Every structure is written in structure tokens, then in C-alpha cells.
1. What whole-number volume per residue, in cubic angstrom, does the convex hull of the C-alpha atoms of the chain give?
2. Once amide H atoms are built 1.01 Å from N in the peptide plane, which residues 5 or more positions from ARG90, or in another chain, come under 5 Å H to H?
3. Using just the helices of the chain, give the 222 nm mean residue ellipticity in deg cm²/dmol: DSSP H runs with n ≥ 4 each add -39,500 (n - 2.57), and the total is spread over all residues, rounded to 500.
4. Rank THR77, GLN99, TYR13 by how far each Cα sits towards the positive end of the charge dipole of the chain (+1 on Lys, Arg Cβ; -1 on Asp, Glu Cβ) and give me just the farthest.
5. So what is the orientation-averaged projected area of segment 4-92, using the convex hull of its C-alpha atoms, in nm²?
6. Which residues does the label zone of LEU91 cover in segment 47-75, counting backbone N under 12 Å from a point 7 Å along Cα→Cβ?
7. Within 10 Å of each residue's Cβ, count the other Cβ atoms and sort TRP22, TRP135 from fewest upward.
8. Looking at ILE63, MET1, VAL30, which one has the Cα that reaches farthest to the positive end of the dipole of segment 1-121 (charges on Cβ: Lys, Arg +1; Asp, Glu -1)?
Amino acid sequence: MITQAELQELLNYNPENGLFHWKENKKGHVKKGDLAGSAHIKGYIRIRIKGKDHLAHRLALIISGIEIPENKQIDHTNGDKKDNKLANLRLVTYDQNNQNVGRRKDNLSGFKGVGFDSRRKKWRSRIRSNNKMLWLGYFNTPEEAHEAYCREANKLHGPFFRV
């Protein structure tokens, strides 16, 4: 793992805007002051240091002197994987990190946690917590099912709940 001292030698980090800039010229076309990093296939920013890719949100905490325990992950509070402002990053458990995700792309109801049960001709609501699926009931409209989801998500997940 890269250390805070190594990062401070190579990069400048601005915690207000979440951006990294190179302190020195590097091989190739990288000049002192250039923006460090590029888009990772999963939407994060990655920075290559000494031939190894590092995720910028991890580097932001390390360069800021924040230890990342083995049992913790880093969550982008606003859900934007490219926003590495220090105020947007928080240490969370795996379960908490999974609560702060938006609606799935294949969701047809338009609401997180809501789907249509074609056998019953009703909208159903369910939520996952501690790796268990909890059924919240069947409803006449997707909006009613969504309200049930939001109530339960707020109780179960508090500040990690995101619609």
C-alpha cells in the first residue's frame, strides 16, 4: 500500500474540489501541475503510480492522514463516484455502502425497491437489510409501495438511505 509520505511527494490534493495534480514531470506527456487520474471502467477516478492503479477516493483519505480499516469501505455520500472532495467521502461498512446506491437501471417501476407482481396485479415493495430480503407488502400503486419502502429504509438505514 502506498503511504501518505509517498503521496505527498508525488501529488497535490485539494480537499475542496477533490482533484489531484502532479508535483513533478513524469515520463511521457505528464507535466508538473497536470491533473492526475483518468476514468476507471466502473466510474471511479484512478491514478497510476509506479505502474499500479490506485482509486482516487482511497488516495484522498490516505493523503489526508485518514486510516482506512480493513473492515471499512469508502462511500461517496452524494453517489457521484468521480466526486472525491473530502467532505463527500466517508468510511462505512459493506452493508451501509450498499444502502447508498440509487435505483437499478433495469427497474421498470421508476422507484427503488418497487416492482410489479403480475400474478396479483399489485405493486410490491421489499428492502434488503443485513443481507436479508424483507417484504413490505403489496400495494395498488407504485407510489404507495415506494412510500412503504422509504419509511422502512429511513428506519433501517438512516443517513445511508438514498432513493
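Just so you know, all these numbers are worked out from the coordinates, no wet-lab data involved. Keep in mind that what you see is a predicted model, and the values were worked out from it rather than measured. Note that we place each Cβ from the backbone using ideal geometry, even for glycine, and neighbour counts take in every protein chain shown.
1. Working: hull volume 21.7 nm³, N = 163.
Per residue, the Cα convex hull of the chain comes to 133 Å³.
2. Sorted by chain and number, the residues that satisfy this are ASP75, THR77.
3. Values: 4 runs with 37 residues, N = 163.
Using -39500 (n - 2.57) per qualifying helix, the result is -6500 deg cm²/dmol.
4. Comparing the listed Cα positions along the dipole, GLN99 ranks first.
5. Working: hull surface 23.3 nm².
Its average projected convex-hull area is 5.8 nm².
6. Only 61-62, 65-75 fall inside the zone, counting backbone N under 12 Å.
7. Working: TRP22 18, TRP135 9.
With the sparsest Cβ surroundings first, the list reads TRP135, TRP22.
8. Projecting each Cα onto the dipole axis, the largest value belongs to VAL30.
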